[in-house]
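*Asks:* Got a structure for you, written out below as structure tokens; questions coming shortly.
Read-outs: derived from the displayed coordinates by stated rules, not from any lab. In this text the structure is predicted, and so the values were computed from the model without any measurement. Every residue, glycine among them, receives a Cβ derived from its backbone with ideal geometry; neighbour counts consider all protein chains shown.
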Amino acid sequence: MLDEVKVRQFTELTATDPQNELGFFSLGRVYLEGGSPQQAIAPLMRALSINPSLSRAYVLLAQSQIGAGDPEGAQATLFKGYRVAQEQGDLMPRNQMADLLKELGAAVPEDTPQKLTPELQAAGQIQCRRCNRVGPKMPKRPFSGPLGEQIHESICGPCFQLWIRQGTKVINELRLNLTDRSSQDVYDQHMKEFLNLN
């Protein structure tokens with residue numbers, strides 16, 4: 001069922017800030033999750049026109065196009081998005097796009113990820129869950145608790161630094177107040193999606 005309150009919220013947000021990629025992304029997600037894939041297409045396309053590297057938006061746009069009866073458009077979106085996600089090391093969206101390509105009967109582009117060897121592990125490297133590349137382990141947990149420990153053990157330092165920048169955009173563009181539990185939940189959802197921790 002479509003959440004009209006969120007539709008109004010994100011429509012107002014994007015009207016006052018037409019360069020707010022996350023506002024358009026969130027509006028598209030609300031439409032898609034609310035069973036209105038046709039209405040989700042325009043805001044998701046706008047989010048990608050502002051930021052063509054927003055990997056997750058390609059997934060939602062392709063799902064919207066499929067839901068709206070445009071499998072050819074979805075396939076084109078997925079091929080482009082897969083390359084973007086692969087270049088950035090966005091493993092979760094890349095894998096979702098691979099699954100959607102398979103469902104559409106299309107070939108998935110080839111990928112040969114680097115593997116963690118005992119020598120690399122001894123040198124302080126990990127196989128990052130986000131980018132699926134071998135990268136440096138953070139010297140300490142980014143914050144306390146189980147989630148901080150999970151990030152420390154499975155996310156490379158460069159990917160977490162990318163999240164710090166993206167997290168700042170999430171806070172600013174969605175106007176989150178992190179003292180509010182619902183805002184913290186939105187922030188955590190974006191972080192887990194970005195770091196492939198879902």
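*Asks:* Taking Cα centroids, how far is the stretch 114-155 from the stretch 22-44 in Å?
*Replies:* 34
*Asks:* Now a separate question. Can you put 117, 179 in order of Cβ neighbours within 10 angstrom, beginning with the fewest? It would help to have the intermediate numbers written out before the result.
*Replies:* Numbers: 117 11, 179 7.
Taking fewest neighbouring Cβ atoms as first place, the list is 179, 117.
*Asks:* Sticking with this one: So how strong a dipole does the stretch 4-103 carry about its Cα centre when Lys and Arg Cβ are +1 and Asp and Glu Cβ are -1, to the nearest 20 debye?
*Replies:* Values: 9 positive and 11 negative charges, 20 e Å.
For the stretch 4-103, the charge dipole is close to 100 debye.
*Asks:* Of 140/192; 6/192; 6/169; 80/140; 6/102, which sit over 24 Å apart, Cα to Cα? Let's see the in-between values first.
*Replies:* On the way: 140/192 19 Å; 6/192 21 Å; 6/169 19 Å; 80/140 36 Å; 6/102 32 Å.
Check vs 24 Å cut-off fails for 80/140; 6/102.
*Asks:* Now, a different point. If R₀ is 22 angstrom, what is the calculated FRET efficiency for the pair residue 102 and residue 76, using the beta carbon separation as r and rounding to 0.05?
*Replies:* 0.85
*Asks:* Between residue 121 and residue 147, take the C-beta separation as r, use R0 = 25 Å, and let me know the FRET efficiency to the nearest 0.05. It would help to have the intermediate numbers written out before the result.
*Replies:* Numbers: r = 23 Å, r/R0 = 0.91.
Plugging the Cβ-Cβ distance into 1/(1 + (r/R0)^6) gives 0.65.
*Asks:* In nm, what is the difference between 0.36 nm times the number of residues separating residue 5 and residue 87 and their Cα-Cα distance?
*Replies:* Here the segment from residue 5 to residue 87 would lengthen by 25.9 nm.
*Asks:* Would you mind working out the magnitude of the charge dipole of the chain relative to its Cα centre, with +1 at each Lys and Arg C-beta and -1 at each Asp and Glu C-beta, to the nearest 20 Debye?
*Replies:* Details: 21 positive and 22 negative charges, 109 e Å.
So the dipole magnitude of the chain works out to roughly 520 debye.
*Asks:* Express in whole angstrom the spacing between the alpha-carbon centres of the stretch 57-76 and the stretch 171-194.
*Replies:* If we compute the Cα centre of each part, the gap is 27 Å.
*Asks:* Oh, and also: Given points 7 Å out from each Cα along the Cα-Cβ axis, report the residue 187 to residue 168 separation in nanometres with one decimal.
*Replies:* Calculated label separation equals 1.5 nm.
*Asks:* Of 40, 195, 128, which is farthest along the charge dipole of the chain in the positive direction, counting Lys and Arg as +1 and Asp and Glu as -1 at C-beta?
*Replies:* Towards the positive end, the residue furthest out is 128.
*Asks:* For the chain, what is the calculated [θ] at 222 nm in deg cm²/dmol (nearest 500), taking -39500 (n - 2.57) for each run of four or more DSSP H residues and dividing by its residue count?
*Replies:* Details: 10 runs with 130 residues, N = 198.
One gets -21000 deg cm²/dmol as the mean residue ellipticity at 222 nm.
*Asks:* Further question on the same structure: Compute, for the stretch 64-166, the length of the dipole vector about the Cα centre, with Cβ point charges of +1 (Lys, Arg) and -1 (Asp, Glu) only. Units Debye, rounded to 20. Write down the numbers at each step before the final one.
*Replies:* Working: 12 positive and 11 negative charges, 99 e Å.
Taking the Cα centre of the stretch 64-166 as origin, the dipole is about 480 debye.
*Asks:* Simple spin-label model, 7 Å along Cα-to-Cβ: residue 177 to residue 198 in nm?
*Replies:* 2.7
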